[in-house]
Amino acid sequence: MLNERDAKSLLKRYGITTTNPTIARSAEEAHAHVVALDGPAALKVVSSAIVHKAAVGGVVLDVSPATAAAAYERIVKAVSAAQPGAPIEGVLVEEMLPPGLEVFLGARLDAEFGPVVLVGYGGGNVERGTRPAAALAPLNEDKAGALIEEAFGKALPASAQVRLAKYLMAIAGPGGLIEREGVRELDINPVIVNGDGAVAADAVIHLADEGRRGSSADLREQIELRRARLAGLDALFDPKAIAVVGASAQPDKLGYRIIKYHQEFGFKGPIYPIHPTATEILGLKAYPSVEAIPGPVDRTYVMVKAEHVPEVLAASARKGVKVAQVLTAGFSEWSSESGGDAGKSLEREIAETLHGQSLRMVGPNCIGTFSASARMSFGSPRNCPNKPGNITFISQSGTFAGDVIRRAKIMGLPVGRVLSAGNCLDLDPIDYLLFCEDDPATQLTAFYVETIRDPALFFRIAERASKPIVMLKGGTTSQGVIAASSHTAALATDAVLWDAAVRQSGILQVDTVDALLDALLIFSAHGELRGNRLGIFGSGGGVSVTTSDAAARAGLTIPPLAEKTAASLVRFGIPGTSVANPIDIPVWGLKEGERYILEDVINLLKDDGNLDSIIVYVEMGSIMDFAESDAEGLQQLEDICDSVLRSRPGGAKVTLALRSAGDKLQDDFVREQRVRLLPEGIAVFGTTTRAVLAQDKLFRMTRRPA
């Protein structure tokens with residue numbers, strides 16, 4: 001650890017203003033240094049073993065020449081009593097700074113997230129563990145400014161925000177202090193902000209014991225090394241031939257079902273059952289081993305006993321297989337009652353088998369692959385989307401993988417590829433992210449993850465991605481504020497850094513499968529949303545008010561309409577009508593004769609120029625109540641949907657909220673219209689709140705130029 005004087009000397013080299021400390025090694029020197037300052041002084045112990053100086057009595061403030069010698073002796077005595085044996089190099093003497101806003105700047109080489117930076121209120125707020133703003137390094141100027149704004153809002157004058165942002169760039173920008181100097185931890189607390197000035201009053205720097213990490217060159221090298229592993233990954237979703245190792249002639253076995261589902265779905269290439277004794281399974285010639293297959297094979301499913309997996313992988317590698325998916329369980333996710341580690345031992349053996357091979361492995365402990373383009377399925381084809389789609393879902397949960405496939409079929413979502421990834425022993429979320437970013441068939445990448453081995457690399461790759469990424473995260477935990485060697489270590493919790501990484505990378509993180517599917521639905525309808533200005537139009541004043549409230553909570557704006565739009569909407573005005581934004585017009589005010597004219601209102605809103613998206617809502621229960629029969633009510637609802645569908649393409653995005661009363665008749669209608677309208681660029685939701693939250697999701701996951 002650098003002492004405070006050396007730490008401040010290092011900060012000055014990078015353009016960070018500090019106090020001007022000297023070191024006294026006796027009471028007489030302390031007196032002389034205070035006299036030279038010609039003003040009140042601060043005295044602090046200098047010791048490489050002590051970080052929290054005040055906690056051991058190592059700080060005395062407002063020292064005058066008359067009290068300097070006594071203050072020196074007081075510090076030495078207090079520190080020696082509180083921490084016997086700690087080396088005392090002397091006492092630092094520096095000028096007292098006038099009071100101001102106290103700020104904390106910290107940086108850390110985190111074991112999981114790599115180089116990170118933290119910013120927040122300093123002084124006692126740090127001691128109490130006030131949650132800081134955090135970001136992954138390196139920063140650019142925009143990120144540094146955004147981090148300062150996140151931490152302090154309007155509490156700092158603009159000039160001070162600019163100065164602190166420059167300090168952040170000096171610390172964590174490309175070629176900054178933490179990269180060039182090999183810093184493990186850095187605490188600057190407090191930085192005293194007064195007007196335009198910002199002066200570091202205290203600083204602690206720990207240098208890394210090992211080489212430097214986190215440079216842009218290092219990151220590029222890591223990414224290229226990862227990409228080099230993925231040369232044969234076309235076989236992941238579009239294999240030319242499949243071997244099923246562990247095939248079975250028994251219908252209740254997975255080795256039977258996998259073959260049957262691929263046959264029923266219409267897999268385009270040959271399927272080779274591998275069985276030690278059978279000669280035929282499901283009408284296909286069986287072979288005793290992968291190597292006995294006469295033709296080439298680029299994809300295998302492996303579902304043999306765990307102890308046989310390494311030898312099957314070795315044979316697959318010799319055969320030239322590109323991707324093996326190991327469905328077998330019984331590895332690190334499993335432990336015997338006696339506490340044995342057989343599963344971990346097998347994983348080590350698998351890793352050794354794969355080392356140096358071009359063969360890549362999915363799993364183990366997974367359930368299969370869905371690909372609409374290659375006609376691959378691990379579930380009944382009747383429950384699978386039939387058409388190739390532009391959404392790829394990678395799931396560490398087999399249950400969620402199957403759930404998304406089935407619900408995509410019901411909702412009409414263009415989910416084209418789903419992978420049950422299991423334990424991710426070989427291929428992991430980083431590999432899948434790189435694959436999807438480079439895959440022309442994927443326009444949105446969705447994940448369910450529980451663990452990411454190298455979040456530092458994952459999030460930095462995600463930040464550079466051009467395609468939207470949605471993540472459902474399981475097992476979110478926080479280590480809390482811990483007793484640590486520095487403020488930065490204590491505040492850099494798992495939760496703080498994870499949240500910062502998600503936000504900085506542009507990933508949309510959701511908490512439920514429903515929220516994940518809503519994100520996929522709104523993306524499928526609209527692709528992107530460049531602004532957050534929302535128009536609301538429907539029948540029911542209370543609904544428009546609560547929808548506006550939901551929009552405000554989500555950070556969307558409800559702007560006033562242009563004068564021309566407002567004037568054009570006047571013709572729809574009848575008693576009980578509001579033609580401001582939000583627009584509330586009774587359904588009977590939206591008919592000319594027998595024809596609904598919702599498209600007229602929508603087209604006016606599309607021409608307005610002040611809106612990025614429009615939510616149209618319909619109270620289905622009211623329509624059904626006023627109809628003479630269910631059939632008549634459903635016909636009116638369909639006519640309303642047709643009217644929305646007739647609105648002009650382009651302009652503000654249109655989302656339809658069909659508010660069901662909850663009965664089967666209405667719920668079925670919502671499902672039918674969702675599938676019907678989605679290909680026309682209209683997303684259908686069952687509530688206005690979900691429609692609003694979907695707009696926010698699309699806005700947040702829309703990739704914007706750096």
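The values are calculated or read from the model by the stated rules, or taken from the named source; none is laboratory data. The structure displayed is predicted, hence computed values, not measured ones. Cβ placement follows ideal geometry from the backbone for every residue including glycine, while neighbour counts extend to all protein chains displayed. These area figures cover heavy atoms from the full protein model, side chains too; ligands, DNA and RNA do not enter into them. Shrake-Rupley method; radii C 1.70, N 1.55, O 1.52, S 1.80 Å.
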Can you list the equivalent-ellipsoid semi-axes of region 613-706, largest first and in whole Å, using the square root of 5 times each Cα gyration tensor eigenvalue? 27, 14, 10
Taking the simple approach of a point 7 Å from Cα along Cα-to-Cβ for both residue 450 and residue 221, what is their distance in nm? 3.5
With only alpha-carbon pairs counted, each pair once and no self-pairs, how large is the Kirkwood hydrodynamic radius of region 131-255 in angstroms? 18.7
Could you state the number of Å between the C-alpha centres of region 11-80 and region 128-188? 28
When Lys and Arg each count +1 and Asp and Glu each count -1, what net charge do the other residues less than 9 Å away from residue 37, Cβ to Cβ, add up to? -3
Using a ≥ b ≥ c from the Cα gyration tensor of region 555-698 (square roots of the eigenvalues), is it rounded, prolate or oblate, where a/c under 1.5 gives rounded and otherwise the larger of a/b and b/c decides, a/b for prolate? oblate
Gap in Å between the Cα centre of region 541-571 and the Cα centre of region 433-476? 35
Within 11 Å, Cβ to Cβ, of residue 614, how many net charges do the neighbouring residues add up to if Lys/Arg are +1 and Asp/Glu are -1? +1
Using +1 at the C-beta of Lys and Arg and -1 at the C-beta of Asp and Glu, which of 377, 321, 687 has the Cα lying farthest in the positive direction of the dipole of the chain? 321
With charges set only on the Cβ (+1 for Lys and Arg, -1 for Asp and Glu), what does the dipole of the chain come to about its Cα centre, in debye to the nearest 20? 1340
What's the longest bit of the chain with no exposed GluC sites (Glu not before Pro), using DSSP loop states and at most 10 other Cβ atoms within 10 Å as the test? 338-593
Residue 603-residue 357 pseudo-label distance in nm [points 7 Å out on the Cα-to-Cβ vector]: 6.3
Rounded percent of accessible protein surface that carbon and sulfur make up, the chain, 1.4 Å probe: 52
Can you figure out the FRET efficiency of residue 380 with residue 528, using R₀ = 35 Å and their beta-carbon distance, to the nearest 0.05? 0.55
Placing +1 on the Cβ of each Lys and Arg and -1 on the Cβ of each Asp and Glu in the chain, which of 618, 148, 643 has its Cα farthest towards the positive end of the resulting dipole? 643
What Kirkwood Rh does region 1-153 have if only Cα atoms enter the pairwise 1/r average? Answer in Å. 17.2
First select every other residue whose beta carbon is under 11 angstrom from the beta carbon of residue 448; then total the charges, Lys and Arg +1, Asp and Glu -1. -1
Taking 0.36 nm per intervening residue step and subtracting the Cα-Cα distance, what contour gain separates residue 639 from residue 549 on full extension? 29.5 nm
Inter-label distance for residue 622 and residue 25, nm, one decimal - labels placed 7 Å from Cα along Cα-to-Cβ: 8.6
Output the antiparallel fraction of DSSP beta bridges having both residues in the chain, as a percent to the nearest 5. 50
In nanometres, the difference between 0.36 nm per residue of separation and the alpha-carbon distance of residue 373 and residue 345 is 6.4 nm
In whole Å and largest first, what semi-axes does the C-alpha gyration tensor of region 51-102 yield when each eigenvalue is scaled by 5 and square-rooted? 21, 15, 9
Cβ neighbours within 10 Å, averaged per peptide: list 534-544, 380-390 in order, most packed at the top. 534-544, 380-390
Computed accessible area, residue 45, all protein chains, 1.4 angstrom probe, square angstrom: 10
The FRET efficiency for residue 278 and residue 631, from their Cβ-Cβ distance with R0 = 56 Å and rounded to 0.05, is 0.50
If R0 is 51 Å, what FRET efficiency do you get for residue 308 and residue 704 from their C-beta distance, rounded to 0.05? 0.55
Volume of the Cα convex hull of the chain, divided per residue and given in Å³: 194
Surpassing 20 Å at the alpha-carbon level, of the pairs 409/653; 240/260; 240/409, are 409/653; 240/409
Mind scanning 253/697; 387/664; 154/697; 564/664; 143/473; 467/664 and naming the pairs with a C-alpha gap bigger than 31 Å? 253/697; 564/664; 467/664
